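Chemist: Next up is a structure, given as structure tokens.
The values are calculated or read from the model by the stated rules, or taken from the named source; none is laboratory data. The model shown is predicted, which means the values in this text are computed figures rather than measured ones. A quick note on method: Cβ atoms are made from the backbone with ideal geometry, for glycine too, and the neighbour counts reach across all protein chains shown.
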Amino acid sequence: MTPGEARRAPSDLQLYAFGRTVRILRARHGMTQKDYAQLVGARHQHISAIERGRVNPSLRTVHAMAGALGLQTSELLLEVEALERLSVPPRRRT
């Protein structure tokens, strides 16, 4: 991997897969976005934007999101990767 590759922003598909995975796991835990946001230490609007693939969360936020789901960060990212392989990217509204 070249240095330029390491700085590349996540693709729309990656953000979509991350958000979709978080939404699925949060729902499995029976949490609302507001409940989850409180555990994460974020606003529910921010969680909503992440779940819709509109926001690229910081590493600190990803770590907190994983912890609120009872997962290690690496476990959450493995779940995202699995969904990403199966996903078709959403159509962007224009």
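Chemist: Among the residues in the stretch 63-78, are any more than 10 Å from the chain's Cα centre (by Cα), surrounded by fewer than 15 Cβ atoms within 10 Å (Cβ to Cβ), among the acidic types (Asp, Glu) and within 22 Å of residue 12 (Cβ to Cβ)?
Modeler: no
Chemist: Can you tell me how many residues in the stretch 26-43 are in contact with a helix residue (DSSP H, G or I) (Cβ under 7 Å, 6 or more places away or on another chain) and either free of Cβ contacts under 8 Å to residues at least 12 places away in the same chain or closer than 16 Å to residue 81 by Cα (or both)?
Modeler: 3
Chemist: Related question: Which count do you get for residues in the stretch 12-45 that are in contact with a Pro (Cβ under 8 Å, 6 or more places away or on another chain) and surrounded by fewer than 17 Cβ atoms within 10 Å (Cβ to Cβ)?
Modeler: 2
Chemist: Restricting attention to helices (runs of 4 or more DSSP H) lying wholly within the stretch 4-80, give those where 1 or more residues are modelled with pLDDT under 95.
Modeler: So the answer is 12-28.
Chemist: Please go through the stretch 50-62 and give me each residue that is buried (at least 17 other Cβ atoms within 10 Å of the Cβ) and either of a type in the set (A, V, I, L, M) or on the phi < 0 side of the Ramachandran plot (or both), ordered by number.
Modeler: 50, 51, 55, 57, 61, 62
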